[in-house]
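This report refers to the structure that appears directly beneath it.
The values are calculated or read from the model by the stated rules, or taken from the named source; none is laboratory data. The structure presented is a predicted model; accordingly, all values stated were derived computationally and were not measured. All Cβ positions, glycine included, derive from the backbone under ideal geometry; neighbour counts span all protein chains shown. Areas reflect the complete protein model, heavy atoms only, side chains present, ligands, DNA and RNA absent. Shrake-Rupley method; radii C 1.70, N 1.55, O 1.52, S 1.80 Å.
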Amino acid sequence: MNGTKYLSEAVHAEEIKAGVLNLVCAPVGSGKTHWALNELRKTVSKPYRMVYLIDTVNGKEQLLKNENTAYYRRDWIATVQNGDVWFGEAITGNKVVVMTYAKFGVLTKNYPDFGFSFELILCDEIHNLPRFSSFLSHNPNDTPYHKIAKERLENIINRGKVKVIGLSATPRRAEQLNCPFQYISVDEDVRRFEVNKIIPYTNPKLLLNELSPKEKGIVYIGHITKMKEFWEEATKLGFSAIAIWSVNNKDHPMTEEQHRAREYILAHSKLPPEYDLFIINASSETSINIFSKVDYIIIHTQEEEAQTQVRGRYRGDLDRLYLLDYITIPQVPEEFLGQKLFKEDKQDLCKALCLRSKWKRTFKWNTVKLKLEEAGYFITEDRENSRRYSIITL
């Protein structure tokens, strides 16, 4: 752990004002949730004058485990709209209502003036709001609630009466919002978690041969079909693995076992003890927190924003972080060493190594051969029955 100050001590909250989007860059381990739910909520006149917005359902459900938060109820809207102080206290107590950006969009659509009566709106993982707003649905009848939420927040900020704070470890994307913004000063010695080793790789399946089922790991893979493939391969190699994705995915509904694992994580902020490998995608990229021991994290994307966010799911110093890098030279799998590699074998090796150009084109044998030689491998070539072959040795 680096740094000495929690965010509540390091952030210059006196700089926060209405009329701009106040961006707070909060690194992993700085205590942003504590600051929001223990300090910021004290700055409003009544609990219902503040709302906490979050990007995912998983994040919302984990936040609702906090004693200072409350679930949205329809009665709460009447309090927010009409300013019925007694009624609001009865509903939420001294708590902050938490909802997703999508739910904020739903309420905005149903209540034309919704949002303007708050004193403070806290936008957690703010970088995902413009991202989700740009997604196009395959169903033309779907309502773009994220886009509606984004436009309402822009209007609220531009009116200049409500303080709107955007929290994120990677807030730069939020600069795209159509409103003025400012970064709030945070002292350099704010706390943050460390990583002991950063290891580049090209093919996550190859990593399975280097990992031990005795360790606990998290793997991030964006596409569900690829998650399932990795899950199947890990199970074959003796790992006790589980994968979770969005509960709202109708094309790939989760099993009861997956739902149980998801609920355990949200309830306890720990990985279920019966699994040693936990596979996630963007539905868990932000917001959820894991406090139980994690030995390594594999992140199968080159997007720096996603890499930072996924690393942040583990709330502790990490031994090994594996980051996707199609240029690095991975270790040649043992089954390809010292063997006669004919054309088909070389194609299989190129596929396994997954070396790619900056345009994401997979390198063929001639390029892979040069890169392996640069990395210290020795390659000899010969013929057998008029067929050319290569042998790779160290």
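Things to note:
- Evaluating residue 65 against the criteria (1) in a loop (DSSP other than H, G, I, E, B); (2) of a type in the set (D, E, K, R); (3) over 26 Å from residue 155 (Cβ atoms); (4) at pLDDT 90 or above leaves one unmet condition, (4).
- Every residue from region 331-355 that is farther than 15 Å from residue 208 by Cα and over 33 Å from the mean Cα position of the chain (by Cα): 336, 337, 338, 339, 340, 341, 342, 343, 344, 345, 346, 347
- Residue check for residue 82: open to solvent by 10 Å² or more (accessible area, probe 1.4 Å), more than 13 Å from residue 167 (Cβ to Cβ) and at pLDDT 90 or above: no
- Here residue 327 passes the criteria (1) open to solvent by 30 Å² or more (accessible area, probe 1.4 Å); (2) in a helix (DSSP H, G or I) except the one numbered (2).
- Within region 352-373, residues that are part of a loop (DSSP other than H, G, I, E, B) have Cβ atoms under 7 Å from residues that are among the aromatic types (Phe, Trp, Tyr) and surrounded by 12 or more Cβ atoms within 10 Å (Cβ to Cβ) in these pairs: 354/326; 355/326; 355/363; 357/363, counting only partners at least 6 apart in sequence or on another chain.
- Among the residues of region 259-292, the one identified as under 12 Å from the mean Cα position of the chain (by Cα) and more than 20 Å from residue 224 (Cβ to Cβ) is 289.
- Considering region 171-193, the residues that are in a loop (DSSP other than H, G, I, E, B) and of a type outside the set (A, V, I, L, M, F, W, C) include one that is farthest from residue 133 (Cα to Cα), namely 189.
Residues are listed down the side, and each one gets a yes or a no for (1) among the small types (Gly, Ala, Ser); (2) touching a helix residue (DSSP H, G or I) at 6+ places or on another chain (Cβ under 8 Å):
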| residue | (1), (2) |
| --- | --- |
| 300 | no, yes |
| 309 | no, no |
| 336 | no, yes |
| 347 | no, yes |
| 352 | yes, yes |
| 363 | no, yes |
| 367 | no, no |
| 374 | no, no |
| 382 | no, no |
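- Residue in region 138-150 that is assigned to a helix (DSSP H, G or I), surrounded by 20 or more Cβ atoms within 10 Å (Cβ to Cβ) and charged (D, E, K, R) present: yes
- Residue match in region 118-127 (condition: surrounded by fewer than 18 Cβ atoms within 10 Å (Cβ to Cβ) and modelled with pLDDT under 95): no
- Residue in region 379-391 that is open to solvent by less than 60 Å² (accessible area, probe 1.4 Å) and outside any strand (DSSP E or B) present: no
- Per-region count, region 23-53, residues polar (S, T, N, Q) and more than 28 Å from residue 317 (Cβ to Cβ): 2
- Test: residue 60 is open to solvent by 20 Å² or more (accessible area, probe 1.4 Å), at pLDDT 85 or above, assigned to a loop (DSSP other than H, G, I, E, B) and charged (D, E, K, R): no
- Of all positions in region 172-185, none carries a residue that is open to solvent by less than 50 Å² (accessible area, probe 1.4 Å), closer than 25 Å to residue 288 by Cβ and not aliphatic (A, V, I, L, M).
- Inside region 43-54, residues that are open to solvent by 10 Å² or more (accessible area, probe 1.4 Å) and farther than 22 Å from residue 168 by Cβ make up a count of 4.
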